[in-house]
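The values are calculated or read from the model by the stated rules, or taken from the named source; none is laboratory data. Since we're looking at a predicted model, the values are computed, not measured. So basically every Cβ, Gly included, is an ideal-geometry build from the backbone, and we count neighbours across all protein chains shown.
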Amino acid sequence: MCVVCDRLAARLGPGAATVPSPQYGAIAQLVEHFHGMEGVAGSIPVSSTSVFDASEAWMLGGFVAGEGCFTSCVQPSSFADGSPRRKFVFCVQVARRDHLLLEGLQYHLGGGISFRTGAQEHHQPVATLAVRSHRAHRQRTIPFMDRYLLPSAKRRQYDRWKQELATYEIEHPTRWGCGPSACSQPGCQRPVRGRGLCRGHYYRATGY
């Protein structure tokens with residue numbers, strides 16, 4: 001039995017049934033199933049682990065369909081032409097007691113997990129997985145969702161989000177993999193320190 005199951009059994013008390021009570025909800029039951037799959041994975045030959053990985057991924061795709069969120073927001077800074085910068089984010093938030101599900105999803109997508117208290121005193125503490133990097137979206141988020149997120153309202157939200165991200169990257173192509181940007185001053189090819197300027201021009205413009 002995993003540590004989550006041990007804690008659940010302790011909360012339920014002696015003589016309680018081994019199946020979680022409905023009060024713990026679908027997420028708690030999914031955590032139990034997730035750990036059951038981990039136990040099975042540890043006992044099967046290495047050559048069969050790809051089957052386990054696919055099963056886990058499909059399960060997590062269902063988890064995203066129920067709890068995930070695909071969104072974008074405007075950043076405080078703008079591009080040199082005045083157009084707004086946008087940040088595209090995938091996140092999932094659950095009660096902190098179910099954070100191991102987020103760790104399973106983080107294994108596939110990357111990103112960071114944060115914890116905070118509930119919005120009100122009687123609310124459960126929460127855990128949030130957030131993936132914000134365009135590079136991570138291209139390398140991990142989008143390939144995972146294309147394959148494992150089933151047709152649903154969340155899939156339609158994801159498809160719109162992916163199209164908006166693609167349009168944004170066409171309008172504002174990333175310099176990822178191209179090395180540091182060059183100073184925006186005419187004829188200066190030194191790398192940017194800040195505000196689109198190299199160290200020398202930055203000092204002249206700001207005094208530091």
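Here are some notes:
- The residues of segment 54-85 that are part of a strand (DSSP E or B) and surrounded by 15 or more Cβ atoms within 10 Å (Cβ to Cβ), listed by number, are G68, C69, F70.
- From the options G111, G104, G118, residue that is in contact (Cβ under 8 Å) with a residue 40 or more places away in the chain and either closer than 23 Å to F63 by Cα or aliphatic (A, V, I, L, M) (or both): G104
To keep it simple, each residue is scored yes or no on (1) of a type outside the set (V, I, T); (2) within 24 Å of E103 (Cα to Cα); (3) at pLDDT below 95; (4) not assigned by TED's automatic domain parsing to the domain that holds C69.
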| position | (1), (2), (3), (4) |
| --- | --- |
| R116 | yes, yes, yes, no |
| H122 | yes, no, yes, no |
| H134 | yes, yes, yes, no |
| H137 | yes, yes, no, no |
| K154 | yes, yes, no, no |
| Y158 | yes, yes, no, no |
| Q163 | yes, no, no, no |
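- So L109, is it in the same structural domain as V74 (by TED's automatic domain parsing) and either loosely packed, with under 13 Cβ neighbours inside 10 Å or in contact with a helix residue (DSSP H, G or I) (Cβ under 9 Å, 6 or more places away or on another chain) (or both): yes
- Residues that are assigned to a helix (DSSP H, G or I) and touching an Asp or Glu at 6+ places or on another chain (Cβ under 9 Å), drawn from segment 122-144: H134, R138
- R175 modelled with pLDDT of 95 or more, charged (D, E, K, R) and surrounded by fewer than 12 Cβ atoms within 10 Å (Cβ to Cβ): no
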